Amino acid sequence: MFYQVLPISFADSNGDGKGDLPGFLGRIDHLRWLGVDAVWMTPFYPSPFRDLGYDISDFCNVDPVFGTLADFDRALDALHAHGIKLIIDFVPNHTSNEHAWFAESRSSRSNPKHDWYIWADAEADGGPPNNWMSRFGGSAWQWDDTRGQYYYHSFLLEQPDLNWRNPAVRAAMADVLRFWIRRGVDGFRVDAAAVLAKDDLLRDDPPAPDSSGKPPPQRLNHVFTDDRPQAMIYLEEIRAVIDEFDNRMLAGEVQGKIGRIGHFYGNARPRLHLPLNFALLDSAWDALSLQGTIDAYYNAIPDKAWSDWTIGGHDKKRIAGKLGPFQTRVLAMLALTLRGTPFFFAGDELGMEPVLIPDDKVNDPFERLVPGYGLNRDPERTPMRWDGSANGGFTSGEPWLPLGEDVAERNVARLMADPHSLLWLYRRLIELRRRESALSWGAYQPLRSRHDILMYKRVGGECEILVALNTVHQPRKCTWQGAGRLLLSSWLDREECEVEGPMLLRPDEGVIIKLRC
Ligand code: NOJ
């Protein structure tokens with residue numbers, strides 16, 4: 001089970017209002033208490049920080065805001081000492097425009113790194129080479145006076161795309177992976193894994209169907225920049241570097257429709273171990289839609305692939321805002337009882353909801369460049385709340401983003417003191433999942449979900465565990481037949497008792513029942 005940490009929002013040790021690595025080190029006990037297996041940490045590298053550190057100016061160092069390489073080593077050692085693994089972001093697609101490679105590349109058309117980025121001549125009228133759009137709005141091409149050419153940027157113009165067709169670029173990025181693996185990291189989350197290759201004919205993207213009302217970048221169908229066959233070959237090369245070492249893994253960001261997820265795993269030639277699956281976040285929240293979503297996902301991945309379920313992240317709206325406090329508990333039970341590795345985001349265990357960001361505090365460039373479509377990602381990126389003190393114990397200074405109005409009710413100390421809280425539910429579910437091997441490794445066996453109750457079994461060896469989740473705020477009849485031992489209710493007020501089906505589930509109640517073992 002992975003716990004995603006945004007270092008800038010986790011814990012601040014020096015009062016500058018931004019989280020840092022020493023702050024993270026000081027909070028590792030929280031991860032131990034929860035029982036997490038592994039942490040995914042988002043970028044902490046030197047960066048002008050125009051896109052939350054995904055604009056990197058040196059891949060093999062730590063930004064002074066976060067500390068030093070020695071701080072990183074200390075944090076990694078402490079995680080490992082407690083049996084917790086660490087994966088970090090690998091951002092292969094682009095650098096910051098302040099990276100030394102880009103400075104060299106833009107300096108002339110003849111320098112040794114002249115084709116480390118994607119450069120193209122202007123059209124006859126001086127305009128950009130084609131209609132490709134940046135995900136953050138506007139043309140994806142930026143004119144550069146020194147070169148007298150355009151360069152391509154999938155994201156911000158301060159994030160020029162590397163030219164992965166160039167073997168020297170691929171070799172340099174392979175060395176970045178080796179650098180961190182030799183320092184001891186257990187793997188990587190590959191950023192923007194789908195966009196590494198672009199059409200070399202620079203063909204124009206077609207208009208997207210039904211795009212009226214969509215934000216401008218989504219009005220084109222990005223067929224010539226996304227998910228190109230060549231990108232899969234690059235992922236295979238990245239995987240080959242990982243496989244030079246024992247026991248390292250690759251997760252990856254592969255936004256898009258479920259049907260696309262299968263090929264990111266690869267078949268004969270392996271690619272990512274865990275392409276991140278956001279299907280639960282995108283699904284409508286009712287038993288029938290959820291059972292359809294789960295089925296579609298399992299059917300879309302290769303037979304031997306291991307699945308994963310992501311319920312939060314720094315680019316996704318906090319789901320507690322959509323589901324409310326009661327169904328958020330049902331979601332926790334769902335994510336921690338499905339077959340596949342759950343990924344959740346720091347603060348999900350507190351039920352953090354999107355935080356309202358005043359206009360003068362907006363930080364996310366997405367919101368500034370494509371305003372008015374609700375794309376701001378700041379509301380999910382706000383700091384962790386450790387206690388009910390000023391600024392939630394996150395910082396003694398001015399927090400880089402506001403903490404929200406509900407810190408006094410929703411913070412680690414407060415929820416830890418309440419054995420029925422969502423925080424405890426997470427801990428209990430994690431513990432149960434580890435204890436019951438059918439829950440960790442068993443097959444997923446769908447049952448017919450009816451009457452607003454999502455039902456399935458996990459079956460491993462002789463053991464059979466039934467999961468039944470009431471997706472509404474009224475009592476509902478759960479139609480299974482037989483007898484079993486109730487291991488846990490999402491209300492955390494009954495456990496280890498004999499039950500018989502059919503049974504009534506209380507509003508918003510999920511139950512885990514051992515049928516056989
Ligand atoms: C994906 C990251 O998750 C997102 O936060 C970022 O804006 C883009 N990649 C560009 O790096």
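The values are calculated or read from the model by the stated rules, or taken from the named source; none is laboratory data. Bear in mind that the values here come from a model prediction, so they are computed numbers and not experimental data. Every residue, glycine among them, receives a Cβ derived from its backbone with ideal geometry; neighbour counts consider all protein chains shown. Note: areas computed on protein heavy atoms with side chains; ligands, DNA, RNA excluded. Shrake-Rupley method; radii C 1.70, N 1.55, O 1.52, S 1.80 Å.
Tabulated data for the structure shown
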| read-out | value |
| --- | --- |
| Residues (among the aliphatic types (A, V, I, L, M) and part of a strand (DSSP E or B)) located in segment 438-462 | 443, 453, 454, 455, 459 |
| Only listed residue being modelled with pLDDT of 95 or more, within 13 Å of the ligand (Cβ to nearest atom), under 25 Å from the mean Cα position of the chain (by Cα) and among the acidic types (Asp, Glu), chosen from 186, 161, 175 | 161 |
| Single residue of segment 355-376 satisfying the filter (within 14 Å of the ligand (Cβ to nearest atom) and in contact with a helix residue (DSSP H, G or I) (Cβ under 6 Å, 6 or more places away or on another chain)) that is least open to solvent (accessible area, probe 1.4 Å) | 364 |
| Residue list for segment 134-150, restricted to those being within 16 Å of the ligand (Cβ to nearest atom) and within 17 Å of residue 103 (Cβ to Cβ) | 142 |
| Long-range neighbours under 9 Å by Cβ, at least six apart or interchain, first residue within 14 Å of residue 466 (Cβ to Cβ) and at pLDDT 95 or above within segment 492-517, second aliphatic (A, V, I, L, M) and surrounded by fewer than 13 Cβ atoms within 10 Å (Cβ to Cβ) | 498/483; 499/483; 500/483; 515/483 |
| Within segment 16-35, considering residues that are closer than 16 Å to residue 346 by Cα, open to solvent by 10 Å² or more (accessible area, probe 1.4 Å) and in a loop (DSSP other than H, G, I, E, B), the one nearest to the ligand (Cβ to nearest atom) | 18 |
| Qualifying residue in segment 239-247 (condition: in contact with a helix residue (DSSP H, G or I) (Cβ under 6 Å, 6 or more places away or on another chain) and modelled with pLDDT of 95 or more) | yes |
| Boolean, residue 412 is in the same structural domain as residue 330 (by TED's automatic domain parsing), hydrophobic (A, V, I, L, M, F, W, C), open to solvent by less than 40 Å² (accessible area, probe 1.4 Å) and more than 16 Å from the ligand (Cβ to nearest atom) | yes |
| Boolean, residue 129 is modelled with pLDDT of 95 or more, open to solvent by 50 Å² or more (accessible area, probe 1.4 Å) and not assigned by TED's automatic domain parsing to the domain that holds residue 244 | no |
| Residue that is most open to solvent (accessible area, probe 1.4 Å), among those in segment 79-105 that are charged (D, E, K, R) and more than 16 Å from the ligand (Cβ to nearest atom) | 85 |
| Residues of segment 303-360 satisfying the condition of being of a type in the set (Gly, Ala, Ser) and more than 12 Å from the chain's Cα centre (by Cα) | 305, 307, 320, 321, 324, 332, 335, 340, 347, 351 |
| Unique residue being under 25 Å from the mean Cα position of the chain (by Cα), under 28 Å from residue 2 (Cα atoms), more than 16 Å from the ligand (Cβ to nearest atom) and buried (at least 23 other Cβ atoms within 10 Å of the Cβ) when the list is 76, 69 | 76 |
